[in-house]
Structure formats: structure tokens, C-alpha cells
1. Is one or more of the residues making up region B:296-305 outside any loop (DSSP other than H, G, I, E, B) and not charged (D, E, K, R)?
2. Identify, from the list B:368, B:399, the residue that is at positive phi, away from every other protein chain (no Cβ under 14 Å) and more than 13 Å from ligand 1 (Cβ to nearest atom).
3. Given (1) closer than 15 Å to residue B:101 by Cβ; (2) surrounded by fewer than 18 Cβ atoms within 10 Å (Cβ to Cβ), where does residue B:9 come up short, assuming only one miss?
4. Given the structure, is residue B:458 open to solvent by 30 Å² or more (accessible area, probe 1.4 Å), within 15 Å of ligand 2 (Cβ to nearest atom), within 14 Å of another protein chain (Cβ to nearest Cβ) and within 24 Å of residue B:213 (Cα to Cα)?
5. Give me the residue from region B:24-53 that is assigned to a helix (DSSP H, G or I) and in contact with a helix residue (DSSP H, G or I) (Cβ under 7 Å, 6 or more places away or on another chain) and, out of that set, farthest from the other protein chains (Cβ to nearest Cβ).
6. Return the residues of region B:351-367 that are touching a residue at least 40 places away in the same chain (Cβ under 8 Å) and in contact with a strand residue (DSSP E or B) (Cβ under 6 Å, 6 or more places away or on another chain); say none if nothing qualifies.
7. Here are some residues: B:198, B:208, B:204, B:137. Which one is over 20 Å from residue B:281 (Cβ atoms) and crowded, with 22+ Cβ neighbours inside 10 Å?
8. Would you check if residue B:98 is among the hydrophobic types (A, V, I, L, M, F, W, C) and either within 19 Å of residue A:29 (Cβ to Cβ) or within 14 Å of chain A (Cβ to nearest Cβ) (or both)?
Amino acid sequence: MTSPLEQKKIKIAGPSVVTANRTWDGIVVYRTAANGWSADLSDAAIVRNSDEAKALLAESVADDVGAIGPYIAPVQIGADGKVQPGNLREQIRRTGVTIGSPVQV
Amino acid sequence: MYAYDEIDRTLVNERVSEFRDQVKRRLSGELTEDEFKMLRLQNGVYLQLHAYMFRVAIPYGTLASNQLRQLAHVARKYDRGYGHFTTRQNIQFNWIKLAELPDALADLAEVGIHAMQTSGNNMRNVTSDQWAGVAPGEIEDPRIWSELIRQHTTLHPEFSFLPRKFKIAITASDHDRAAIKIHDIGLRLIKNEKGETGFEVLVGGGLGRTPFIAKTIKHFVHGRDILSYIEAILRVYNQYGRRDNIYKARIKILVHELGIEKFSREVEDEWQHIRNSSLQIDDEVIEDIRSRFTYPAYEKLPHMPDELRQAAADPGFEAWRKNSVAPHKNQGYSIVTISLKPIGAPPGDATAEQMDALADLADKYSFGEIRVGHEQNLALPHVAKRDLPALWKALDKLGLATPNVNLITDIIACPGLDYCSLANARSIPIAQELTRRFSNHELANLIGRLHINISGCINACGHHHVGHIGILGVEKNGEEVYQITIGGRADENAALGNLIGPGVKFDEVADVVEDIVEAYLALRERPEELFMDTVKRLGVEPFKERVYATR
Ligand code: HEM
Ligand code: SF4
């Protein structure tokens, strides 16, 4: 995954969301349609073209106290309407490390 | 151990209250992230994929048992019950909340640990040989000089806003365990013909996008002149270093572009101006630092105690002793390496329970001292040989007696895409799979010394360029792809590995490594010919053929 931190031009190829990390504890959050943040991907506002993406990102960047490092990430929307992360990086951000916790080893 | 003085303690405590205030202002919105970012980085706080990451300094890899216990406490109270020991001789916590960080820092300050110089474009923590002060044949404890440089550079304005991060490593042994040739400055402690202590100075090593092996800039710099000489190097760097381009900002690029001859002339000129200044080190200063390193009151012990003779009948013990126990400079004692590479586990991780138990074992068997090595293992530096069997039993119970030090399953791996926001691909699961493939101890022993190093992106935190087998994760069309190199090494004969061919997919990496190892076993002239020697003798070609013939 090319790190989205190097995201410069905004061009989206499909449904996308804005994601970031919550400022006070760092957990993964998604920008909602109600101008807030949610830890649940299914609450995320979905954007479908570059203008929408730009607007959602600008609005997210402005909420600097809520979350940090916002960027646009791809999602996939299943036939049932369920939103899934669009790549491995976002999958890992959503469901956690793929390696098991050493604490249980 | 090193006893910090009042100045250090005050500094560390002040730093905590300063950061507490900064965090408060950040959370209230008074500081924006842009304003806060540099402040948090100065305190070791990064943002990773899932959370903040907190990097704690372990200067030159020396830890006291009470400090290790406090790290366990931080892991338990503020994190998820474990920490990750890194190639930079420090420890990272992966799940810390920003709001709780000041408390974690305050708890660490109680035992004199902090996170200064663990990130940012400054002089980073000086790293050294994890066997410093106990390795047979070393010129002198290199930590004395590491500490001198640490004191001189900590928060020094001239070293706090460099063009880029700056890393110094020091060794005092013939065998380089500190990988000095891949650091911005590498120092090798030596004696000249007159018997005076000084340094061979190397400069311009580094990995990342543009890897270079450091070159010798001066064969001997007297100990008393080492600060002025380093200062001269840094001044030349500060003057010419490429602040405009992050990819060209490290000193290795400057040394490469100017050429070592021109670079060394510039340094020499600068040095002549400043060498007889206040930077010249008085003997008393060194003496003072030397006196703060205390060594245990070693007993006179037999070379071969009965306990050891009896335990030799136990093949489990013998396998571990042969692998993980090294000679100590005092008769009757050993240095014990503790593998943080159990089969199937993430390299370098230790749980809070393991840290606590190790702290107890250090108290019982190693005069309360623990070391952290850049290979992501720990060591107990002063174990009486008679205690080895008991120590082994205790370590084994904790899952810390895997006899794989320096073997193929002693893998260095960066956090990769499981944690790191810069990653292109995962590193840790590759390491886990490889340890399972080579879990058979007889096989690993038959293969002999072989270092596999894995990075999840070109930044090379997992030292892949200098792995005997190096694995670099990249991304191709949204998929994880791994480039494999062979023939790298990080020791006194440091070299960069050569690519064997096109990248391979996640699922194929372990198969490819097996092929490389099979080729080596078939090609080596005798069992003592190590992997890296076979590669040196034959080059990449036969390995390439073996790997790609069927792919
Ligand atoms: C949040 C996680 C991390 C980030 C953001 C990060 C970032 C970076 C970057 C950007 C570089 C390239 C520097 C350059 O070439 O100018 C680098 C190099 C390096 N990092 Fe990390 N790193 C992280 C974790 C680690 C870990 C876990 C280790 C140890 C296991 C580590 C040790 C190193 C080393 C040894 C180098 C290469 C040596 C050199 O400076 O040339 N880093 N890191
Ligand atoms: S090498 Fe890349 S992926 Fe690995 S820790 Fe460093 S920056 Fe992250």
C-alpha cells in the first residue's frame, strides 16, 4: 500500500470515506455525515466523486481537535449495502493486526 | 550501571511537566496538530495505524531491573500488556493514549527513563555494543564515550535542528555488534601505537531509500578530541546538508556527493578551528563519567563449576548454552543472550509478565542489569556460570530460552503494515512464517549463522539491506510484493545485499527462502562455510537460478 500520508492529488476511483485517528486516544475513526467522528465504518459518510471527497476532507481537516491526519480512503460497498475497507491497509486499520497479540502467546 | 546525576534527573522531570502542559493545550484545542507534532515527536510520540506509538530511550541499551519493571508497568497500565524492542536499542509501545502519555512519562521519569532523542531531526540516542563492559578483549567500555556524547548532545541547540535525524554508534571490540557502518557516524574505539585511547571515525553510513556503508574519515582521533571532531563533522553537515529535500538530507548523501576526500578536508579545516577550544575533553570529565559506571563485585569463581558439568547431560540445556551463552571477560561468568524470537511470535515483543520476570531474574543472577541489543534480543551481562542451569530453567518457563540466537529464526523485522503508517507491506507475519518453517533446531543449527532482516518499506527500519537474506516489502497494484536480497551483512565487514530477481508474493516468501537455504546447503564446500561466505564465493547467480527456475 503506498502510504496515503503521501496523498497529494485528490482523485478517487470509487466510493471513499475520510478516516483519521482520534486525537485524545489515537483510535481509528471515520468522518460521519453529521460532521462528527465515529469508530464504526458503517457510520462513515460515503463520497463518490472528487469534489465531494475534497469537501469532506476540508471539513475534516478543520476539526483538528477531534482527530488528526485525515485522508481519503477507498471502501467497497457490498450487495447488502455493507461498507468494507477498500484495501489491506484500511482492513488492518479496521480489524487490527494480523499477527495475534503476544500477550496470548 | 550508570548513575545519573541531579542535572539529568531535573531535566527529565521538567520535560514531563512541560509535556503535560503541551498535551493539555493540544486536547483543549489551544495547540493545533501542526503546532503540536514537533513537540510530541520530541517526546517519542508517533502516530501509527491504530494508535499513537511511544518510543522510549534506552541509552546504549543498558537497563536496570527497576527500569525494566517500570517498562512492564507502563505496558500493563497504559498499553496492551506488551512492548516491542527495536533495532535502535529502544522500546516502543503501540497502543498508548495521548491523554495518558504524560502519566506514562512521569512513571518512567521515576526511574530515570525518558523519550528524548528518540525521534525528530536531532542527534538520536547513541547506540553501542550490548556487551559493552563485559566483552572479552574490548579496549574499554564504549558506554563511557557514548555517555559523554549523550551529555554533550542532549537538547544541544546545534544538534536539535539538524537537516535530518542523526545516529551515532560506538563499538570497542573487533567484532562489531553495534553495526557502526550503517550509522551516520560510526566510532570504533582503538589504541594508537603510543597506547593512547581514541577512535577510528567512520561517516556516511545509513540504510533507507539510498543505502551506504560508512567510510573511514580518520584513522585515529584522540579521545580528548572526539567531541570537537564530531562537532566539526556536524558543522560541515549543517552547512551543506540538503534541508530542501527530505530524501537527500541525510549525511550519507552529502558524503557521497562531495566524496569522502573533499568531505574529510572540509571537516579537517573546521576541526582545526575548534579542536583546541572548550570542546577538548579534560581527563577529569572522562574520569567522572567512568566513575559513574559501576560494575558488580565479581567473585573469584571456577571456570567450570560442578553445576555446569552436571547440567551438560541435559541436551536441552546444552543446546541453549552453546547457542545463547557467550564468554565474559571475568572468569566464572557469562553473558547470556535472551532470544525475543520464540517460534511463531513477533520478533522483539515482550509481555509485561516476561519483563517483570526478567527483572527478577536479573536481580537474582545478573546484578540487576539487562541489556538490549540491536538484533531485538535482550541480554543478561553478568551471570555466574554456576547459575546457568537454574537461569535456563527459569527462562524456559517464560518462553525465553529459544536456542536460536544468530540462527535463521533470529529474525529482525520492523513493525510493517501491521502497525506502521508508512508501510507498504507486512513484515511480522513473514517473520512468523519463516520461524515456523525453520523451527526444527537441528536444521537451524545445520544451517548455522544466518540473519534474515525484513522491512515493510524502503525506510529500512528492519535493516533489510544488511541481512544475509534481506526482505523488503513493496506494493504493486495494491498487492504486497517482496524483494529479496542476499549477501548483506552488518558487522565489521558490512556490505549491502544484492537483489536476486523479481519480487515475490506474500505467500511465496517463505518458499523462496527455503529454496535459497537448500541451494546454500547443496553449494557450501564444508559445514563451516557460512551462508554469507558461500554467497561471497559464488555470487547471486546460483541462488537466483534455484529460486526462479521453477517460478
Ligand atoms: C512509527 C514507526 C516508525 C516510523 C514512522 C519510522 C520512520 C523511519 C524513517 C522515515 C526512516 C528513514 C530515514 C531516512 O532514511 O532518512 C527510518 C529509518 C530507520 N528506522 Fe524507523 N520508523 C519507525 C519504526 C522503527 C522501528 C520499530 C525501528 C526498529 C525496529 C526503527 C529503526 C530504524 C532504523 C534502524 C532505520 C534505518 C537506519 C537509518 O537511519 O538509515 N524504526 N525510520
Ligand atoms: S521500514 Fe517502513 S514499514 Fe518498517 S517500520 Fe520503518 S517506516 Fe515502518
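1. no
2. One residue alone meets the criteria, B:368.
3. (1)
4. Criteria met by residue B:458.
5. For region B:24-53, the residue satisfying everything is B:39.
6. B:351, B:362, B:367
7. B:204
8. Taking the combined requirement at face value, the residue satisfies it.
The values are calculated or read from the model by the stated rules, or taken from the named source; none is laboratory data. Just so we're clear, the structure is a prediction, and the values are computed from it rather than from any experiment. Every residue, glycine as well, gets a Cβ built from its backbone with ideal geometry; the counts of neighbours run over all protein chains shown. The area values use the complete protein model at the heavy-atom level, side chains included, leaving out ligands, DNA and RNA. Shrake-Rupley method; radii C 1.70, N 1.55, O 1.52, S 1.80 Å.
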